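Derivation of every value follows stated rules applied to the coordinates shown; laboratory data play no part. Keep in mind the model is a prediction, meaning the values are calculated, not measured. Don't worry about glycine lacking a Cβ; one is built from the backbone with ideal geometry, like all the others, and counts go over all protein chains shown.
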Amino acid sequence: MEILTLSTDGFRNLANGRVELHPRVNLIVGDNGQGKTNLLEALALVSGRPSFRTHDLAETRQHLAARAVVSVRLRDEGGAPRNVTTLGFVHASGAREQYRDGKRVPRLTAARSLPAVFLTARDLSRLSGPPAERRRALDRAALARRPEHARALLAYERARAAKTRLLSLGARFDADELAVYEAALAEAGGLVAVARREARASLEREIVRHADDLGTPFRNISLELVSDLPASGDAREMGGALEALLRGRKSEERRAQRCLVGPHRDDVLLRADGVVVASRASSGETRTFLLAWTLAEMSMLAGGERRAPLLAFDDFDSEWDPRVLGAFAEALPEEGQVCLTSARPEAVRGLPLPAGSIYRMAAGRLAREGILGAGRSPENRAAAGGPR
Amino acid sequence: MAGLPAFARLVAALETLPGIGPKSARRLAYHLLAAPEYDTAALTTALAEARARTRSCSVCHALTEADPCAICSDPSRDGRLLAVVEDAADADVLERTHEFRGRYHVLGGALAPLRGIGPDDLNVTDLLARVESPAPGEGVEEVVLATNPNVEGESTALYLARRLKPLGVKVTRLALGLPVGAALEFADEVTLSRSLAGRREI
């Protein structure tokens, strides 16, 4: 999967028009506030993903623009030059729309058309912050394995919203109506629980492998799912367990007027030698694990879709030391497009990155500035590449 | 539309109709006013007349000019069979199949807690009363839940099933599955798994 061109219209501060991307590494340099992160956000939105910067997509629209539009032209790996797909994102009058080859598609279709992993400032708190980001990261891994996970998640969240609404009515709700949404919660919750447990196992395996590539001093790395539901079982058993839990906390839930048990409370803890990484490792070591997690997500996406995913890495040199970044560059898969942003063009000096282009972003305009040489050593390339 | 307040009001009124956005509303308004041959009087009369004469049937809540409606008062209809639909339009669609010989009950929507629509906002109480204490010649034996196969319709069907079953009546749901004349390879996974679950012996 390769993005040939990216076009925007009315999107943030980016100049309207089209830019060509390099099939391998795209390093975008520029001072703060010039639009580097906006470009990565455009890629996130056009590929059906949430914005990593805002919940209110109206913010992405330029002042006085009727709508914000992003589109990319994609080529499949090894596909003929004519075998090109176009993805589009439009945000107008409060609604988000995704297109593929001119036809309106669900966000999930857009996401499957352009597998991608994003690493931005928001991810820096993944290991130490509240559980929601970790849950989302686990769900992304589950989606990479099985795209139908999205449907179960949505069904679960819908049933939970309906149930919360009913509970908030106090004593005035209809018990039979509540039972309908609890049945839906149990059914969808069972599917979500199974998908997350399967994804946890694969994600753990990949994180361990990549943490080793990045040279962490820790051994015995594990990813633990903290959940109200049992550690194993099929969807029916999990659903039954959730039903039993709901029965047990019925009066408590009515008092609290919200859902107190279920997969929406899951947490994922990364442990090294039995201790939670965020509490024990230095912040630098914690961030190294974040890079391992990113590489792990990329491997899972590549495995699921048999296509190397896009990596979009914002401000890539700001939080990591050159040694770790060097190991990360070496560990990148042999194929797949990479977009890096940095405030300092000299940041890549000495890094073993594959060949690519250097661009400068100034006031929303992207201009090609030079080429990035292939700095990978043959022995490292052999170690990093190939099917595993 | 500065200086045309009446025109703006017309556009705003048209925009409240289902499926009509701002652009369509303007196009319709221009057509109604600008086309010289257009008989606005006929339209307004038809609208006013339809509005005045049709009301909801006191038995099934479908649209009717005579109360009770033609279907509710037709003795040849099977009073043992009752189809529950969300809207009057759905009853009309079922009627066009000529397959269903029972009677209807229009709920007037579907459960949607997030939009504040609960059982009290739908014609549920009458439905239960209709099943529990039947009118002469009715005596419902089977209720066919024909709500839409979407999230709201499914929840509504499950809810009604819970309320109807204790009344000792047979409760059935419209089958979900493959569209007629389609190919298996184009069916989505959910539809396909539903049709597997609802397979029948031939």
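Binning at 10 angstrom from zero up to the longest distance, how are the C-alpha pair distances of chain B distributed in percent?
Bin by bin from 0 Å, the calculated values are 7, 25, 27, 22, 14, 4, 0.
Measure nothing fancy, just the Cα-based angle from helix A:283-305's long axis to the longest principal axis of chain A, in degrees from 0 to 90, nearest 10.
90
Just want the ordering: A:S51, B:S24, A:S299, from fewest to most Cβ atoms lying within 10 Å of their own Cβ. Walk me through the numbers before you get to the answer.
Details: A:S51 17, B:S24 14, A:S299 25.
So the residues, fewest neighbours to most, are B:S24, A:S51, A:S299.
Using R₀ = 30 Å, calculate the FRET efficiency as 1/(1 + (r/R₀)^6) where r is the Cβ-Cβ separation of B:R200 and B:D92; round to 0.05.
Rounded to the nearest 0.05, the efficiency is 0.65.
Would you mind ranking A:R344, A:R307 by Cβ crowding within 10 Å, fewest neighbours first?
Ranking A:R344, A:R307 by Cβ neighbours within 10 Å, fewest first, gives A:R344, A:R307.
Whole-Å semi-axes of the protein assembly as shown's equivalent ellipsoid, largest first, each the root of 5 times a Cα gyration tensor eigenvalue? Walk me through the numbers before you get to the answer.
Working: eigenvalues 556, 219, 88 Å².
Largest first, the protein assembly as shown gives 53, 33, 21 Å.
Could you pull out every residue, at least 5 positions away or on a different chain, whose amide H is within less than 5 Å of the one on A:V105? Hs are placed 1.01 Å off N in the peptide plane, and Pro or chain starts have none.
Residues meeting the amide H criterion: A:Q98, A:Y99, A:R100.
Averaged across the residues of B:146-157, what count of C-beta atoms belonging to other chains lies within 10 Å of each residue's C-beta?
2
Does anyone have the angle between helix A:322-331 and the longest principal axis of chain A? Alpha-carbon axes, 0 to 90°, nearest 10?
Once rounded, the angle reads 80 degrees.
What are the ³J(HN,Hα) couplings of segment A:348-364, residue after residue, when phi is run through the Karplus curve with 6.51, -1.76, 1.60 and θ = phi - 60°? Round to Hz, x for glycine and proline.
So the Karplus estimates, Gly and Pro as x, are 7, 4, x, 7, x, 8, x, 5, x, 10, 10, 10, 10, 9, 9, 6, x Hz.
What are the principal axis extents of the Cα atoms in segment B:5-53, in Å, biggest first?
Sorted from largest, the Cα extents of segment B:5-53 read 31, 26, 20 Å.
Against the longest alpha carbon principal axis of chain A, how many degrees, from 0 to 90 and to the nearest 10, is the axis of helix A:235-248 turned?
That helix lies at roughly 50 degrees to the long axis.
Quick one: Cα centre-to-centre distance for segment A:268-292 and segment B:71-150, in angstrom?
For segment A:268-292 versus segment B:71-150, the Cα centre distance is 59 Å.
Defining a contact as two alpha carbons under 8 Å apart and six or more residues distant in sequence, what relative contact order in percent does chain B show?
13
Charges at C-beta only: +1 for Lys and Arg, -1 for Asp and Glu. How large is the resulting dipole of the protein assembly as shown about its Cα centre, in Debye rounded to 20?
For this selection, approximately 900 debye.
Would you mind classifying segment B:79-173 by shape? Square roots of the alpha carbon gyration tensor eigenvalues, ordered a ≥ b ≥ c; an a/c under 1.5 is rounded, otherwise it is prolate if a/b is larger than b/c and oblate if not.
oblate
Which ordering of A:Y181, A:Y99 is given by a fewest-first count of other beta-carbon atoms within 10 Å?
Least to most surrounded, the residues fall as A:Y99, A:Y181.
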